Amino acid sequence: MSISSTPAASSIADLFVTPDGATLVIFFQAHNVGPRRAPLAKILQKGGAYLCTDPKDADILLVDPESVDGKQHIRTWVAGGDKLGLHYRWIDACVKAGRMLADGDGWGGFIAVDDGAPLGDDEDDELGESAQKSACTFVTL
């Protein structure tokens, strides 16, 4: 996915809108971030993003790449190159920068990638042998 960096946002109201005014469709997996999830979701919505409930509809998947759920989402939706997966901390970084950190910014270094680590004891049953070779981690570009 290629989304250009946006100029500094005048307010949070346009943080998560592309330069051509398109709304970003975001799937926010990080339900295990605890009490921060609701405020972060509100920031996304106030910033112009549309939060969807199905990853297949999303432009961007925001995940906790250290959680099993986050790793599974990366393996299922991002590994094939169909979706962009970012660490959910990307939200705070965009707010701090006053603009969306996009493709031209290397997504602020928040791209979630596969680190090859197994998910856990039940991995053989749930994901199969090929999935054992991948998991995800947070990388800085």
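Below, the figures for the structure above:
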quantity: Projected label distance in nm at Val113 and Ala13, using a 7 Å step from Cα toward the beta-carbon; calculated: 3.8 nm
quantity: Virtual spin-label span in nm between His31 and Gln45, 7 Å along Cα→Cβ; calculated: 1.6 nm
quantity: Val68/Asp92 FRET efficiency (R0 25 Å; Cβ-Cβ; nearest 0.05); calculated: 0.65
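We did not get these values from a lab; they are worked out from the coordinates using the rules stated. This structure is a prediction, so every number in the text was calculated from the model and none was measured. Every residue, glycine as well, gets a Cβ built from its backbone with ideal geometry; the counts of neighbours run over all protein chains shown.
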